[in-house]
Amino acid sequence: MKLISWNVNGLRAVLGKDGFAWLSEQNPDFLGLQEIKVSEKDAPKGLYELGFSQIDLNSAARAGYSGVASLAKFKSETSKALFFPDDEGRVLQHRFGDVVLFNIYFPNGQKDEARLAYKMEFYAKFLAYARSLAEQGLGVIFCGDVNTAHREIDLANPKANSKTSGFLPIERAWLDEVEAAGFVDTFRAVHGELRDAYSWWSYRFNARAKNVGWRIDYFFISVNLRSRLKDAFILSDVMGSDHCPVGIEIEI
């Protein structure tokens with residue numbers, strides 16, 4: 001099964017630029033989109049023409065903000081956030097068989113201290129919930145824009161960003177907790193210490209052309225799924241957003 005995640009930073013814009021042309025070649029079984037910025041009732045028609053049989057959306061109460069969409073070629077029992085108030089449209093949870101798959105747009109903490117505190121609370125409650133599912137023997141997969149680079153290898157300029165939300169010690173420590181709880185960073189599991197592998201680039205300073213980026217989009221899997229992981233990848237050539245898609249191949 002091939003699973004792909006992409007922060008599109010505006011679904012309408014990506015559809016308008018034929019930004020999903022790469023789908024026919026990749027042919028994923030699941031596509032998790034973040035920051036769609038559309039309401040469920042106003043979702044563009046093109047979303048339903050991408051070749052998926054089940055499509056779920058969770059949009060924010062605030063117009064033109066946040067929101068996630070999941071597109072799948074299989075059936076699942078779907079719900080929104082069960083661990084946190086979700087008026088920002090950040091979570092879709094999919095249960096199929098003994099697997100729980102999350103598509104999440106994690107909060108950004110750069111605005112101010114209050115938003116950083118919100119982000120850390122979201123982090124903590126999600127990890128507690130994901131751990132409880134794994135402790136029940138379920139396979140847990142979560143993907144999306146985590147909005148934090150874990151290690152110095154995961155961004156081009158770690159020293160310059162050491163006091164920037166997205167690379168603060170408190171945020172990076174949460175990713176340490178994620179791994180300590182038995183969740184595997186699939187890209188590192190497959191590619192080890194590979195450098196210069198990023199999933200987000202600022203629109204400023206020609207950052208993408210220079211590959212001055214951050215790896216903040218992830219697929220994590222519970223350790224009981226580790227033996228089923230076959231590949232992990234970053235589709236850095238896919239344009240249309242300041243993020244690019246990331247994905248895994250896994251036996252489920």
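The values are calculated or read from the model by the stated rules, or taken from the named source; none is laboratory data. Fair warning: this is a prediction, and the values are worked out from it, not measured in the lab. Positions of Cβ are backbone-derived with ideal geometry, glycine not excepted, and every protein chain shown enters the neighbour counts. Calculation scope for accessible area: heavy atoms of the full protein, side chains included, ligands and nucleic acids excluded. Shrake-Rupley method; radii C 1.70, N 1.55, O 1.52, S 1.80 Å.
List of remarks:
- No other residue among ILE216, ILE234 is of a type outside the set (Lys, Arg), in contact with a Lys or Arg (Cβ under 8 Å, 6 or more places away or on another chain) and within 24 Å of SER70 (Cβ to Cβ) apart from ILE234.
- Boolean, ALA209 is touching a Ser or Thr at 6+ places or on another chain (Cβ under 9 Å) and either over 18 Å from GLU152 (Cα atoms) or open to solvent by 80 Å² or more (accessible area, probe 1.4 Å) (or both): no
- Residues satisfying the stated conditions in segment 10-37, i.e. assigned to a loop (DSSP other than H, G, I, E, B), open to solvent by 40 Å² or more (accessible area, probe 1.4 Å) and of a type outside the set (A, V, I, L, M): LYS17, ASP18, ASN27, ASP29, LYS37
- Selection within segment 126-139 - in contact (Cβ under 8 Å) with a residue 12 or more places away in the chain and assigned to a loop (DSSP other than H, G, I, E, B): GLY137, LEU138
- Tally, over segment 242-252, of residues that are assigned to a loop (DSSP other than H, G, I, E, B) and open to solvent by 60 Å² or more (accessible area, probe 1.4 Å): 2
- Check on GLU40, charged (D, E, K, R) and either under 18 Å from the mean Cα position of the chain (by Cα) or open to solvent by less than 30 Å² (accessible area, probe 1.4 Å) (or both): no
- Of all residues in segment 43-62 being of a type outside the set (A, V, I, L, M) and assigned to a helix (DSSP H, G or I), the one that is least open to solvent (accessible area, probe 1.4 Å): GLY46
- Enumeration of residues in segment 117-146 that are over 15 Å from PHE220 (Cβ atoms) and of a type in the set (Ser, Thr, Tyr): TYR118, SER132
- Restricting segment 212-241 to residues that are open to solvent by 20 Å² or more (accessible area, probe 1.4 Å) and under 14 Å from the mean Cα position of the chain (by Cα), the residue that is farthest from LEU127 (Cα to Cα): LEU235
- Scanning segment 240-252 for residues that are in contact with a Lys or Arg (Cβ under 8 Å, 6 or more places away or on another chain) and either aliphatic (A, V, I, L, M) or at pLDDT below 95 (or both) turns up ILE248, ILE250, ILE252.
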